[in-house]
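Heads up, the thing below is written out as structure tokens.
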Amino acid sequence: MADSPEGALWEQLLLAQTVYQLAASPPAWEKVSDMLCKHPIMLEIQKNPTWTADKCETTWRALMLMHKIVEADDAKAPRTGRKAQLALAQVLYGARLAQLHEQIQEKETKFRCVWSVSPSELHERLQNLESGKLDEELCRDNGIRMEASPSPSRKRAADAPASADDSDEVNEHLQVEQDLLGSDQAADAPKTEEPEREERASTQPTNTYKSRARRRTESSGRAAEASRTPSPTRSTRRSRGRSPEVSEQSAGEEGSEAVSDAERDKTRRRTTQILLMLHNQVSNHTHGNLFHQAIKEVDAPNYYELIKQPMDLKLIKQRIKEGTIASMLDLRQALSLMFANALMYNRPDTEVHRMANEMRLATDEMLDQFEDTP
């Protein structure tokens with residue numbers, strides 16, 4: 001009885017493709033072993049491959065016998081020609097494709113089960129996510145090594161009083177708002193609490209998940225509230241017997257209204273420029289070409305059946321110019337949706353998933369640094 005083939009299905013497929021690629025009959029097993037051990041996929045998954053020449057030959061012959069790839073005139077002798085090599089590669093490719101399809105179906109079923117829970121269970125899961133109780137599970141699912149102990153920022157956040165934390169975050173929201181609105185309006189902001197904020201900066205946590213989310217929400221709300229502040233109403237009718245003093249007062253109000261409108265337009269233009277600048281930095285990332293254009297159905301089958309809200313960098317830039325994305329929070333939400341779509345469609349063990357996750361982490365770090373910069 002022949003030995004059973006060694007290695008996982010993807011390793012067997014890689015072996016068969018390597019044999020066929022070298023185009024030697026019979027195969028040169030030393031070259032096959034050297035090429036297989038230096039393959040990028042093999043190095044990424046196994047780190048130190050142990051596919052020797054003898055192991056490659058034994059596994060390949062066992063695969064040939066197991067899949068019954070034999071000559072038509074002799075049902076006992078396995079074929080060793082180029083047609084036999086191609087036939088084995090095609091059989092293993094079909095098996096690997098079916099395996100991947102089955103794994104995708106399992107992931108999709110698991111994903112649907114997560115979002116089919118009751119609202120109370122979903123709320124509890126979100127609370128666990130914010131508190132860090134799911135960190136170990138998320139790291140395990142995404143292949144990330146978990147730290148041995150909680151990060152210092154999270155530990156300090158748990159020990160710090162709630163009142164001091166909230167007060168410090170309010171001061172930080174003012175600083176973020178001043179950065180977004182520009183130096184002109186920043187000069188009018190209250191400065192009485194600056195020394196106190198600088199004194200607490202070294203002791204209070206500012207980088208936890210919950211505080212960052214609250215900070216972004218409040219800063220966006222302040223900017224939106226400032227842009228929606230109603231301007232003084234204009235009075236187009238003037239009474240016939242109005243005195244010169246009343247006329248001068250009315251003219252002064254209209255002049256201040258015009259100045260206020262000009263300031264708001266200037267603030268909106270400045271915010272748009274900042275958002276476009278940040279968008280340009282995100283686009284220039286090493287893996288930015290993955291998201292420059294909308295995904296084509298030809299390149300990603302069934303993409304739009306799974307992804308209901310597609311997003312790409314071109315669409316984000318268009319919405320910034322149109323004013324639909326008008327704050328840092330809007331930009332973060334659009335970028336998060338773009339990365340979430342990529343991570344949900346592509347499996348964790350794929351190259352696209354790894355590149356998208358790297359770009360997501362780099363983008364979050366860049367936006368955090370921008371918000372924290374005075």
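The values are calculated or read from the model by the stated rules, or taken from the named source; none is laboratory data. As the structure is a computational prediction, the values presented were derived from the model and not from experiment. Don't worry about glycine lacking a Cβ; one is built from the backbone with ideal geometry, like all the others, and counts go over all protein chains shown. Remember, those area values only see protein heavy atoms, side chains included, never the ligands or the DNA or RNA. Shrake-Rupley method; radii C 1.70, N 1.55, O 1.52, S 1.80 Å.
Checked against a 25 Å cut-off, the cross-linked pairs K47/K296; K266/K308; K266/K321; K110/K317 give Cα-Cα distances beyond that limit for K47/K296; K266/K308; K110/K317. Based on protein heavy atoms only, the stretch 249-374 ends up with 56 Å² per residue of surface accessible to a 1.4 Å probe. If you take all other residues with their beta carbon under 15 Å from the beta carbon of Y304, and give Lys and Arg +1 and Asp and Glu -1, the sum is -3. Largest accessible area first, the listed residues M359, M277 line up as M277, M359 when surface is computed with a 1.4 Å probe on the assembled protein chains. What you get for the stretch 256-350, charging only the Cβ of Lys and Arg (+1) and of Asp and Glu (-1), is a dipole of about 200 debye around the Cα centre. For R270, the solvent-accessible surface with a 1.4 Å probe is about 50 Å², rounded to the nearest 10.
The slack in the chain from S120 to K133, taken as 0.36 nm per residue of separation less the alpha-carbon distance, amounts to 3.0 nm.
The calculated FRET efficiency for the pair T373 and E106, based on their C-beta separation and a Förster distance of 30 Å, comes to about 0.10. Heavy-atom accessible surface of C139, to the nearest 10 Å², is about 30 Å², with a 1.4 Å probe and all protein chains retained. Partner lysines whose Cα lies under 26 Å from the Cα of K83, excluding those fewer than 8 positions away in the same chain, are identified as K31, K38, K55, K68.
Ranked by solvent-accessible area (1.4 Å probe, protein heavy atoms only, all chains present), the residues I274, I104 order from largest to smallest as I104, I274. Report the extension gain between Q21 and N302 in nm, rounded to one decimal, defined as 0.36 nm multiplied by the number of residues separating them, less their alpha carbon distance. So the extension gain works out to 98.1 nm.
Going from most exposed to least, what order do K266, K314 have by accessible area with a 1.4 Å probe?
Values: K266 80, K314 125 Å².
From most accessible down to least: K314, K266.
Only protein heavy atoms count here; under a 1.4 Å probe, H67 has an accessible surface of about 60 Å².
Annotation for Y93 and E322: the two label points, set 7 Å from Cα along the Cα-Cβ direction, are 4.2 nm apart. With a cut-off of 15 Å between beta carbons, the residues surrounding K38 carry a summed charge of -2, where Lys and Arg count +1 and Asp and Glu -1.
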